[in-house]
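Working notes, structure below.
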Amino acid sequence: MQTRKIAARSLYYGTPVALVSTRSADGTDNLAPMSSSWSLRSSVVLGMGAASATVENLRARPELVLNLPSADMWNQVEAISAFTGRSDLPAHKAGQFAFSPDKFAVAGLTRQPSETVAPVRVSECPIQLEAVVESMVPVADEPEGFVVVVATIKVAHVHDDILTADQSAIDPDKWTPLIFNFRSYRGLTATLGTMRRTVRR
């Protein structure tokens, strides 16, 4: 197959969307959509804008909840995509973003208390992961810069209706994550196969 070099502005080649909830200095809850993350056992790695309210909050209060929305929640995610939790808009966000002190209200989402961290969970998200930050590493990139955050999951909350019959694990036939694929929101296609070494015997 012939290939061609392109100058892609971003390479969101199909990653899950998350809503990251953090606690602001004034005690209010901040909620930020993001799609640069991956997990490894009980660790999660997140990539976020260095000038964001989320990163500002995590530097001062290193706790978060990684809330994973289902595909049918894309409108609620998009509703807050142009808002920031910073009242002092960074120059690179001016004209594209507006300040909102309550993005839960903007998206019509419900706060739910967490068990081990101060930031609240998003009740509507089928998967809610309470976590604490282990490290934050700046990554230089103009004009904003980014931060790579490594966090450890302390508690995983999962809606009953996406669990297996014995409620011991998430059923992939019931869970449909929201995927961000080259700046468009997608769901999942039908199952194509199962990883052989994960099949229970």
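The values are calculated or read from the model by the stated rules, or taken from the named source; none is laboratory data. No experiment lies behind these values; they were computed from the predicted model shown. In this analysis, Cβ positions are derived from the backbone assuming ideal geometry, glycine residues included, and neighbour counts consider all displayed protein chains. For accessibility, only protein heavy atoms count, side chains too; no ligands or nucleic acids. Shrake-Rupley method; radii C 1.70, N 1.55, O 1.52, S 1.80 Å.
See the values below:
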quantity	calculated
Residue satisfying all of: in the stretch 98-119; within 17 Å of residue 51 (Cβ to Cβ) and surrounded by fewer than 16 Cβ atoms within 10 Å (Cβ to Cβ); modelled with the lowest pLDDT among these	99
Counted residues, the stretch 147-187 - those being open to solvent by less than 100 Å² (accessible area, probe 1.4 Å) and over 24 Å from residue 41 (Cβ atoms)	4
Pair list, Cβ under 7 Å, 6 or more apart: the stretch 9-32 residue within 15 Å of residue 180 (Cα to Cα), other residue open to solvent by 30 Å² or more (accessible area, probe 1.4 Å) and not in a strand (DSSP E or B)	12/182; 12/183; 13/182; 15/36
Cross-chain or 6+ apart pairs with Cβ under 9 Å, the stretch 161-187 first and over 30 Å from residue 7 (Cα atoms), then open to solvent by less than 70 Å² (accessible area, probe 1.4 Å) and among the acidic types (Asp, Glu)	162/171; 163/171; 164/171; 165/171
Matching residues, the stretch 43-77, being assigned to a loop (DSSP other than H, G, I, E, B), surrounded by fewer than 20 Cβ atoms within 10 Å (Cβ to Cβ) and at pLDDT below 95	50
Candidate set from the stretch 13-36 (those that are farther than 19 Å from residue 73 by Cα and open to solvent by 30 Å² or more (accessible area, probe 1.4 Å)); member that is modelled with the lowest pLDDT	13
Of all residues making up the stretch 1-26, the number that are more than 21 Å from residue 154 (Cβ to Cβ) and either assigned to a loop (DSSP other than H, G, I, E, B) or of a type outside the set (S, T, N, Q) (or both)	17
